[in-house]
Amino acid sequence: MILKIITCLTLSLVLIGEAAHSSELRFGFTGPLTGPNALTGTQLVRGLELGFKHINDSKKLNYSLSLIPLDDGYEPSRTPSQVTKLIQDYGVKAMLGSVGTPTNLASLSVLSKYDIPLISPFSGALSLRAERASPFIFNTRVSYTEEAYYLVNLLINDFGIKPNEIAIFAQKDSYGDAGLASTIDALLSVGLKDPTSILQIRHQRNSNEVNHSVADVLGVFPIPKAIILVSTYGTSANFIKQLEHFGISPLFAAFSFTGLEAIQAQTSDTEAKILITQTTPSLIDSTSPIIKQLKEDMARFGDMAPPTTIQLEGYINALTVGQALLPLKDLPTSDEIESSLKELLRDSNDTQKQNELFILNQKKQHIWVQFINKGKLQTRPYADIQ
């Protein structure tokens, strides 16, 4: 009799577990959760999970959302196996917010094999917007082409720097290639005659070793008046500090991938002046509904750390997915998620309000810029991209 009761209880627990799993929609994430670029990955996960808590708490869906993050160390050799694990072992139906150009490119064959959509990759590279990738990639960020064009025009029109007085410091991989090509195109559009006439410095991914890069700057005359950073926060900060050690302090202009708060913290003891683009509103904008909602959710769900712009991007991406899922009453398939996202994109092209859907309006996207001056932030107006 006791054995029969135990058997029944065990069976009941198994059925409950299966029911719980069947009512959970899982999304996968890959990125650097350890190593020199860990802050980028952990802040995106922080934002994505907060957004999912908001959605689950609203009870607007008949299932809950969960995120399964796996560490690839920002190394493309590790990404395909992690994505395969997420699909086969964890049953994720889509990837969300995964970090990096080289890493996401490395995962495309796996995603294609299993028909898994890649939503809001943390990259602005055109290679992730190419025709071969478009069937299953859903981009929400502005491109590096748009960021480069805005930074170059800002340097020239607002700071009076000539195209041939600008150098480029770029990571030696597909991220750096994308940013370098976009910056060269932007410089050509404002009058640069010969791309080989400007200093182009490359450095290894996941390495803060910049001695050779600093030597490249010291070896040219005149010293560039501005250097565009297509890099990560740690490497960029080390580059800035070592240049300052030699008395060189040009104006720096960084792509949003670098990470505002991280590079601000790591250069707070320098005289550096750094422009950095953002794909989301400023966290100090008290008029922004999405900023207000982020801070309210942080307080409600016990996130006591200071907010970051990368966290905000993850949060917005999670809420956007939540909006796409609203019409899907039953636990959706990967194809249904992808179709609903495409429908949401079509419906959101006239969005003017600054809620989570503003990033989907391809007709009127925004770039925001922050100016770090000796460790202090100064917000500049955003630019509309027509």
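The values are calculated or read from the model by the stated rules, or taken from the named source; none is laboratory data. Here the structure is a predicted model, which means the values were calculated and not measured. Don't worry about glycine lacking a Cβ; one is built from the backbone with ideal geometry, like all the others, and counts go over all protein chains shown. Accessible surface is based on the protein model in full, side chains and every heavy atom, while ligands, DNA and RNA are left aside. Shrake-Rupley method; radii C 1.70, N 1.55, O 1.52, S 1.80 Å.
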Straight-line reach check, K273, cutoff 20 Å on alpha carbons, 8 or more apart in-chain or any other chain, hits among aspartates and glutamates -> E147, D158, E165, E244, E261
The relative contact order of the stretch 20-178, taking Cα pairs under 8 Å that sit 6 or more residues apart, comes to a percentage of 20
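Does the stretch 123-256 come out rounded, prolate or oblate, given a ≥ b ≥ c as the square roots of the eigenvalues of its C-alpha gyration tensor, rounded meaning a/c under 1.5 and, failing that, prolate meaning a/b above b/c? List each step's numbers first, then the result.
Values: a/c = 2.08, a/b = 1.39, b/c = 1.50.
It is oblate, given that a/c is not under 1.5 and a/b is not larger than b/c.
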Of the convex hull drawn through the C-alpha atoms of the chain, the volume per residue in Å³ is 154
Filtered hits (aspartates and glutamates, Cα-Cα < 18 Å from K342, offset >= 8 within chain) -> D115, E131, D350, E356
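Taking K and R as +1 and D and E as -1, what net charge do the other residues with C-beta under 14 Å from the C-beta of G31 add up to?
On the way: positive: R46, R78, R205; negative: E49, D71, D72, E75, E313.
Residues close to G31 contribute a combined charge of -2.
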Summed over the other residues with a beta carbon less than 10 angstrom from that of G91, with K and R at +1 and D and E at -1, the charge totals 0
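Of the peptides 109-117, 320-328, how do they stack up when ordered by the mean number of other Cβ atoms within 10 Å, highest first? Walk me through the intermediate numbers first.
Details: 109-117: 16.7, 320-328: 20.2.
Peptide ranking by packing, descending: 320-328, 109-117.
Could you give the alpha-carbon Rg of the stretch 174-236 over 2.2 N^0.38 Å, rounded to two decimals? Let's see the in-between values first.
On the way: Rg = 12.3 Å, N = 63, 2.2 N^0.38 = 10.6 Å.
So the stretch 174-236 has a normalised radius of gyration of 1.16.
Which of the peptides 196-203, 253-260 is most tightly packed, and how do the rest follow, going by the mean number of other Cβ atoms within 10 Å of each residue? Don't skip to the end; give the middle numbers.
Values: 196-203: 16.4, 253-260: 25.6.
Packing order, densest peptide first, comes out as 253-260, 196-203.
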Under a Gaussian network model of the chain whose springs join Cα atoms within less than 10 Å, the largest fluctuation of A226, A170, A299 belongs to A299
Rounded to the nearest 10 Å², the 1.4 Å probe accessible area of R346 is 140
In whole Hz, the Karplus estimates of ³J(HN,Hα) for the stretch 265-276 (6.51, -1.76, 1.60; θ = phi - 60°; x where Gly or Pro) are 5, 7, 10, 5, 9, 10, 8, 4, 10, 10, 8, 9
Counting Lys and Arg as +1 and Asp and Glu as -1 over every other residue whose Cβ sits under 12 Å from the Cβ of N164, the net charge comes to +1
For the stretch 159-166, Karplus-derived ³J(HN,Hα) couplings (6.51, -1.76, 1.60; θ = phi - 60°; whole Hz; x for glycine and proline) come out as 10, x, 8, 7, x, 7, 9, 10
Between the alpha carbon centres of the stretch 191-267 and the stretch 70-85 the gap in Å comes to 28
Note on the chain: contact order normalised by length, alpha-carbon pairs under 8 Å, 6 or more apart, percent, works out to 18
Calc'd 3J(HN,Hα), the stretch 53-69, phi into Karplus 6.51 cos²θ - 1.76 cosθ + 1.60 (θ = phi - 60°), Hz, glycine/Pro = x, comes to 4, 4, 5, 4, 5, 6, 6, 7, 10, 8, 8, 9, 10, 9, 10, 10, x
The answer for T379, listing residues at least 5 apart or on another chain whose modeled amide H is closer than 5 Å to its amide H, is F371
For K374, the accessible surface traced by a 1.4 Å probe with all protein chains present amounts, in square angstrom to the nearest 10, to 100
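Which of the peptides 90-102, 267-279 is most tightly packed, and how do the rest follow, going by the mean number of other Cβ atoms within 10 Å of each residue?
Working: 90-102: 24.0, 267-279: 20.5.
By packing density, highest mean first, the sequence is 90-102, 267-279.
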